Amino acid sequence: KMEDATLTEDFLSFINGCHSEFHAVKQVKGMLEKGGFKCISEKSDKDWENLVPNGKYYFTRNQSTIIAFAVGGKYETGNGFIMSGAHTDSPCLKVKPLSKRGGSGFLQVGIETYGGGLWNTWFDRNLTVAGRVIVEDEAKKKFECKLVHVPRPILYIPNLAIHLNRDIYTKGFQYNKETNLLPILASEQFNKESKSSEEKKSEDPEEHHSVLIDILAKELKVSPSRIKDFDLGLCDTQPACVHGAFKEFISARGLDNLCMSYICTRALIDSCEDLKNEKQIRMVALFDHEEIGSRSQQGAASCMMSRVLQRINGDAKTYDTALRRSFLVSADMAHALHPNYASKHESLHRPMIHKGLVIKKNGNQRYATNAVTTFIIEHIAKKHKIPIQKFVVRNDMGCGSTIGPIISANTGVRTIDVGVPQFAMHSIREMCGTKDLALSYLLMKNYYLEYGALDESLIVDM
């Protein structure tokens, strides 16, 4: 198996390149191509008609969702799928379509909150922007979607001094998401001084500050006029790192859910070194928009997953049989027991950092886990002496959800919800353990390798 330290280093390299959901897909593509996976297109029927045993493939949608799969050497139509699923997006601040804001001597950027973030953690951080930009290629008379990340800090949301906010001690930290989360881009004074005499005569673009467009253009090495539109989000400039007295922790942006995206992808790739005896298709699906409900063309609540499975299976007569033989591990981060807030966990369900992957269950089907799906993963874990944990939310607290129940309901595929335990979920910077990364990778790899044989020995429905 991959050594724990090497796995951690590989993960840090991966997540440090995931500046946005688009960059996350780019990073996954790099992993897959290095592992011998071939890019196919949703637009090409020929690509899908020429899938062959032992073949490894991937495709993307909207540059923010990616699905990869490997066809077993002994695969036959109707044999089914061994799947894992995660998501590429994380809560962040998105640049508005009309972002040109300012006042009191400053240029500011209008932002929109995306997902349920801990927005108080975005104050007093060195921020930048990342995403995709539509660029005109005048010579070729085409338009291209290019990824962009400005590596230096260009934005900042300053806190209000305690001397002007004495109520914070009695009322807590309160802020208005529309007015108090506006990041500062530049001062009006420096903006004016930086312009040439000709630039001072011309008017700024109406939608965005020209200095922001100039920064993007410089990063993309194009003229500002060639930038036609963009999808940009704010992100922290501090890189991911290991920390703790024994270097046993990882802190980074977007561990929810880039950590599980990495683990599932790495496990799939490493399980496919030899496919000659595999009867099924191994797959990983990483969706966008989980943080806002998954209802989009590239989200897990769309028809995408069911249509892809039908397209790969090919034969409509055996499609239902294929689904009955399939399995999905819905992989999304879990809540570790916080030493400062231990009462927030149910007394017997207290996942710990460094104690292994967490199986998440909810009687109201906020998670898709049941006894059968738990048995399958638990059996594989016990066989390889891999520790696992179990989580149920307290009855007096609300329960989050994942893509698991959505895909399970849309396809009828048996599903389990699992995740690496972490702290500070939805903060600008989150924390998990290095050991859980290694344990979860090992379990997921063996899941891909051994599910098929185990399922054949399991009798549920005739």
Q: Could you figure out which of (1) without any contact (Cβ under 8 Å) to a residue 60 or more places away in the chain; (2) closer than 16 Å to M444 by Cβ; (3) in contact with a strand residue (DSSP E or B) (Cβ under 8 Å, 6 or more places away or on another chain) isn't true of T415?
A: (1)
**Q.** Tally, over the range 298-322, of residues that are closer than 14 Å to V413 by Cβ and either touching a helix residue (DSSP H, G or I) at 6+ places or on another chain (Cβ under 6 Å) or part of a loop (DSSP other than H, G, I, E, B) (or both)
**A.** 7
Q.
Let me confirm something: among S90, S99, S84, which residue is of a type in the set (S, T, N, Q) and farther than 30 Å from H208 by Cα?
A. S84
Q) Which of the residues belonging to the range 250-290 are farther than 16 Å from I67 by Cα and open to solvent by 30 Å² or more (accessible area, probe 1.4 Å)? A) R253, E273, D274, K276, N277, K279
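Is it the case, given these coordinates, that A371 is under 16 Å from D417 (Cα atoms) and free of Cβ contacts under 8 Å to residues at least 12 places away in the same chain?
Values: under 16 Å from D417 (Cα atoms): yes; free of Cβ contacts under 8 Å to residues at least 12 places away in the same chain: yes.
For A371, the condition - under 16 Å from D417 (Cα atoms) and free of Cβ contacts under 8 Å to residues at least 12 places away in the same chain - is met.
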Q: Say whether the condition of being β-branched (V, I, T), loosely packed, with under 14 Cβ neighbours inside 10 Å and more than 19 Å from the chain's Cα centre (by Cα) is met by at least one residue in the range 319-334.
A: no
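Which of the residues that make up the range 231-244 are part of a loop (DSSP other than H, G, I, E, B) and free of Cβ contacts under 8 Å to residues at least 24 places away in the same chain?
Taking the range 231-244 and keeping what is part of a loop (DSSP other than H, G, I, E, B), we get 237-240, 244.
G244, the sole residue that qualifies.
In the set K218, K247, K228, which member is on the phi > 0 side of the Ramachandran plot, open to solvent by 10 Å² or more (accessible area, probe 1.4 Å) and either part of a helix (DSSP H, G or I) or touching a residue at least 60 places away in the same chain (Cβ under 8 Å) (or both)? Let's see the steps before the verdict.
Numbers: K218 fails: on the phi > 0 side of the Ramachandran plot; K228 fails: on the phi > 0 side of the Ramachandran plot.
Matching residue, one of K218, K247, K228: K247.
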Q | the range 143-163 residues that are closer than 26 Å to V222 by Cα and touching a residue at least 60 places away in the same chain (Cβ under 8 Å), paired with ones that are of a type in the set (G, A, S) and open to solvent by less than 70 Å² (accessible area, probe 1.4 Å) (beta carbon under 7 Å, 6 or more apart) | A | V148/A130; V148/G131; H149/A130
Q: Evaluate the following for I380: is it over 26 Å from V242 (Cα atoms), part of a helix (DSSP H, G or I) and not acidic (D, E)?
A: yes
Q.
Checking the structure you have, find out if any residue of the range 392-404 is within 25 Å of V284 (Cβ to Cβ), out of contact with any Phe, Trp or Tyr (no Cβ under 8 Å at 6 or more places or on another chain) and in a strand (DSSP E or B).
A. no
(Q) Taking the condition of being in a loop (DSSP other than H, G, I, E, B) and either touching a Pro at 6+ places or on another chain (Cβ under 9 Å) or within 18 Å of A331 (Cα to Cα) (or both), how many residues in the range 267-277 meet it? (A) 2
Q: Note down all Cβ pairs under 9 Å where the first residue falls in the range 259-282 and is over 15 Å from Y441 (Cα atoms) and in contact (Cβ under 8 Å) with a residue 12 or more places away in the chain, the second is surrounded by fewer than 20 Cβ atoms within 10 Å (Cβ to Cβ) and among the small types (G, A, S), and they're at least six residues apart or on different chains.
A: L275/G55; L275/G73; K276/G73; N277/G73; E278/G73; K279/G73
Q | Lone qualifier among L458, L443, L449 - being part of a loop (DSSP other than H, G, I, E, B) and in contact with a helix residue (DSSP H, G or I) (Cβ under 9 Å, 6 or more places away or on another chain) | A | L458
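Taking the residues in the range 323-355 that are aliphatic (A, V, I, L, M) and in a loop (DSSP other than H, G, I, E, B) as candidates, determine which candidate is nearest to L454 (Cα to Cα). Break it down into steps so the answer makes sense when it comes.
At the first step, the residues of the range 323-355 found to be aliphatic (A, V, I, L, M) are 323, 328-329, 331, 333-334, 336-337, 342, 348, 352-353.
From what's left, in a loop (DSSP other than H, G, I, E, B): 333, 336-337, 348, 352-353.
On the way: M333: 26, A336: 30, L337: 32, L348: 29, M352: 28, I353: 29 Å.
Ranking the candidates gives M333 first.
The values are calculated or read from the model by the stated rules, or taken from the named source; none is laboratory data. Keep in mind that this is a model prediction, so the values were computed, not measured. A quick note on method: Cβ atoms are made from the backbone with ideal geometry, for glycine too, and the neighbour counts reach across all protein chains shown. Please note that ligands, DNA and RNA were not included when accessible areas were found on the heavy atoms of the full protein model with its side chains. Shrake-Rupley method; radii C 1.70, N 1.55, O 1.52, S 1.80 Å.
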